[in-house]
Amino acid sequence: MHRGGAAPVFSQTVPVPKPAPKARDGGVQMSAQDKAAMTTGTTQAPPNPVIPDPRRNVPTNIFASFDANQKAQATKVSSYLSSLQTLVGNFVQVGPDGSKTKGDFYIQKPGKLRFEYDASPIAIVADGSSLAVRDKKLATQDIYPLSQTPLRFLLSDRIDLLKDTNVVSITADDVFISVTIEEKNVVIGTSRLMLMVGAKDGQLKQWTVTDPQGYDTTVAVYNLDTSKKVDPGLFKIDFTNYMTPPG
């Protein structure tokens, strides 16, 4: 399976052991400067990702009910995600062990994505139906159905979070609107995707994928551009030049 380099930004179906999260004090902590930078969306410097408290309790009731304000927040996020067709920018990823990696990402809806990590041979490519984790150094790639990765919600052409997903939590403050989606799989277990958008500018700020073992991978995005033309070749999965090792 995936070897070396940066851990994938999805983790629902990747059956590899992961390091335990480092101890963190106080859960989510941000300075006023970090909050201001992430809220305005004008900074060119990498943001400091908001790391969810690993001890947080998320409701597991699949029939969770939300008040009018929470529903309005979910509708706002749904409308924003549905309005996107292309999205290009930079990212900072924090793995379960606290390690940070940076890189560039490209999204073309529906279903196409590319993540390139700085100083790493790893690239992640989605072509609309499959998602590949490539290791250029080892000349290997692992293929997963896009339908089995939480990132498909970000790549849907249009989405109504309350109707199309199992939303278990909706919270909002002066900085972020956060929506948590839960997926249960009899074989794999339960995974979650927490999307966070700016409360003031309504733009995507970060997401956190929680794998069935409870480990979080957080990706904060910045320098977002929704008008840039994206080369379709970035989303092509080469099934010939890379060998997929047996499972």
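Read-outs: derived from the displayed coordinates by stated rules, not from any lab. All values derive from a computational prediction rather than experimental measurement. Heads up, the Cβs are rebuilt from the backbone with ideal geometry, glycines too, and the neighbour counts pull from every protein chain shown.
Based on the Cβ-Cβ distance from Ile143 to Asp164, what FRET efficiency comes out when R0 is 25 Å, to the nearest 0.05?
E(calc), rounded to 0.05, equals 0.50.
Could you work out how much longer the chain between Asp225 and Ile188 gets when fully extended? Use 0.36 nm per residue separation minus the Cα distance between them, nm to one decimal.
On the way: separation 37, 0.36 × 37 = 13.32 nm, distance 3.51 nm.
Stretched fully, the Asp225-Ile188 segment lengthens by 9.8 nm.
Label-point separation (nm) for Lys136 and Ala72, each offset 7 Å from Cα along Cα-to-Cβ?
Distance between the two pseudo-spin positions: 4.8 nm.
Want the number for Lys236 to Ser79: 0.36 nm per residue separation, take away the alpha-carbon distance, what's left?
Stretched out fully, the Lys236 to Ser79 stretch lengthens by 53.7 nm.
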